[in-house]
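The values are calculated or read from the model by the stated rules, or taken from the named source; none is laboratory data. Keep in mind that this is a model prediction, so the values were computed, not measured. When we count neighbours, we look across all protein chains shown, and the Cβ atoms used for this are built from the backbone with ideal geometry, even at glycine. Only protein heavy atoms, including side chains, enter the accessible area calculation; ligands, DNA and RNA are left aside. Shrake-Rupley method; radii C 1.70, N 1.55, O 1.52, S 1.80 Å.
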Amino acid sequence: GIAQIGVTGLAVMGRNLARNFARNGFTVAVHNRSWEKTASLVAEHGDEGTFVPSESVADFVASLERPRKVVVMVKAGAATDAVIDELVPFLEEGDIVVDAGNAHFPDTVRRENALRAQGLHFVGSGVSGGEEGALLGPSIMPGGTRESYASLGPILETIAAKVDGVPCCTYVGPDGAGHFVKMVHNGIEYADMQLIAEAYDLLKQGLGASAAEIGEIFAEWNTGDLESFLIEITADVLQHVDAATGSAFVDVVLDQAEQKGTGRWTVQNGLDLGVPITGIAEATFARALSGGVAQREAARGVLPAATTPWEVTDRDAFVEDVRLALYASKVVAYSQGFDQIAAASEQFGWDIDRGAMARIWRGGCIIRARFLNRITEAYERAPHLPLLLADEYFAGAVGNGVAAWRRIVAGAALHGVPTPAFSSSLAYYDGVRAERLPAALIQAQRDFFGAHTYRRTDRDGSFHTLWSGDRTEQDA
Ligand code: NBP
């Protein structure tokens, strides 16, 4: 074989990934279940580099240098299993199969086990950045064995996005670690988008501002701490005018957000691990609420607001309050997402370097942002930092904004503006910093009805009170 890397699955993502490899000087073997996609890739982009097209899996595998490196970029789920099953009989010990699709991490753990038993390396790799990222440089999150990364890593790092010359690709950890981190990335993306949407709604309802005016505010914010891809495209979207109606584009889009399911996976895993990822959960549920047409229909005009419209008098001060509240809520959402990575890393023995994850998210992916540098720095200061929010930089930045955050959340509640992500982030902040929580009462209740026992503040041990008897306390 002569090709250094192969790609099978040449729909939008695989096609662009193959072009990216070729444009970077790699000889790329290409294959797709149906020949037309392979043929059109070579016909349209064959001049961008060296492609070695094959019609059969056998020829495709034979066209690769050993150890072979095959990137599978097909529809996640059954298609991925089908492609792996077809490839494996042709592969030999030490070959590397990379699943670059959006697999759910437990599937990746299962596949890695099965291929390892056959002497093959299976690398579940998160790839973020959509079509454009795949072509111009995505953020890449490869799992699998460290050994496979030694030969695969340099190729992936070459095609990844670069920030300050540093590739947005690094070894994440064993088996499902790469796809897990990609899942949390997507969960954080949900939270970030919801927070931005709430900020937009606050500005709209508080100021009565037009979409275009709010777009200008976002454009201004994009020059400061909030600078990010999502803020940038928000400014762009808000200033876009619908050609058919002449209205602001955002005002003619139906207010029902859809989802493909990675937010749901992230929340389900947060529940499994017992990590309060409230920002991601609120964002996922907010999309579900928006799509609950029957419920919204039933509530409209029936549930009283019992409030007055928001009339903000000091425009500039209000805009700054919303900005500070957005930043603080965003720090909470990211802090929670990194807690989830830490918990999974511990549970599955993945040893994930959280600072490195923030570093490879600085470019290529949807949540790329200036502020990720601060996260990397925080984990460099303290690699085992138990709470990102408590890092000296973030504690200071959020502390600066906390009065503004309270004004905004209180104002939203007073005037009936739904801000689930802003509000729950503030509740999390107050919960995690509390001297004492009402959890003491919950534990007492649990002991009362279920003899679940409790611990005391004044001495060690577990205790149970005989609630239905003489109420004496026993050692449990
Ligand atoms: P699709 O998810 O639409 O999958 C289409 C590809 O899967 C085609 O090449 C198709 O072959 C192949 N395929 C199917 Br379907 N069933 C197959 C089977 N049983 N055997 C062999 N091949 C089969 O492609 P995509 O939109 O390019 O996405 C690819 C992956 O990337 C997915 O996992 C997706 O979730 C992920 N993705 C990621 C991002 C991102 O931003 N990271 C964006 C979009 C997608 P055919 O041509 O013969 O039908």
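If a residue must be of a type in the set (S, T, N, Q), within 16 Å of the ligand (Cβ to nearest atom) and in a loop (DSSP other than H, G, I, E, B), how many such residues does the range 52-108 contain? Spell out how you get there, then give the answer.
Taking the range 52-108 first, the residues of a type in the set (S, T, N, Q) are 54, 56, 63, 80, 102, 108.
Subset that is within 16 Å of the ligand (Cβ to nearest atom): 54, 56, 80, 102, 108.
The next check asks that each one be in a loop (DSSP other than H, G, I, E, B); those that pass are 54, 56, 102.
Going through the range 52-108 one residue at a time, the tally reaches 3.
Restricting the first member to the range 75-91 and to residues that are at negative phi, and the second to residues that are polar (S, T, N, Q) and more than 9 Å from the ligand (Cβ to nearest atom), the beta-carbon pairs closer than 7 Å and six or more apart or on different chains are Val88/Gln118. Look at (1) closer than 25 Å to Glu65 by Cα; (2) within 13 Å of the ligand (Cβ to nearest atom); (3) among the basic types (Lys, Arg) and you find that Arg146 fails only one, number (2).
Can you pull out the residues in the range 109-142 that are hydrophobic (A, V, I, L, M, F, W, C), more than 13 Å from the ligand (Cβ to nearest atom) and not in a strand (DSSP E or B)?
If the condition is that a residue be hydrophobic (A, V, I, L, M, F, W, C), more than 13 Å from the ligand (Cβ to nearest atom) and not in a strand (DSSP E or B), then Val109, Ala114, Leu115, Ala117, Leu120 are the ones that fit.
If you go through the range 424-476 and keep only what is touching a strand residue (DSSP E or B) at 6+ places or on another chain (Cβ under 9 Å) and within 30 Å of Val398 (Cα to Cα), you end up with just Ala440. Among the residues of the range 282-308, those identified as over 16 Å from Gly187 (Cα atoms), open to solvent by 90 Å² or more (accessible area, probe 1.4 Å) and at pLDDT 95 or above are Leu289, Gln295, Glu297, Arg300, Val302, Leu303, Pro304. Taking the range 1-51 as the range and being among the polar types (S, T, N, Q) and part of a helix (DSSP H, G or I) as the test, the residues that pass are Asn16, Asn20, Thr38, Ser40.
Return the residues of the range 368-380 that are in a helix (DSSP H, G or I) and over 16 Å from Ala342 (Cα atoms); say none if nothing qualifies. Explain how you work it out, then say what you get.
Taking the range 368-380 as the starting set, the residues that turn out to be in a helix (DSSP H, G or I) are 372-380.
If the condition is that a residue be in a helix (DSSP H, G or I) and over 16 Å from Ala342 (Cα atoms), then Leu372, Asn373, Arg374, Glu377 are the ones that fit.
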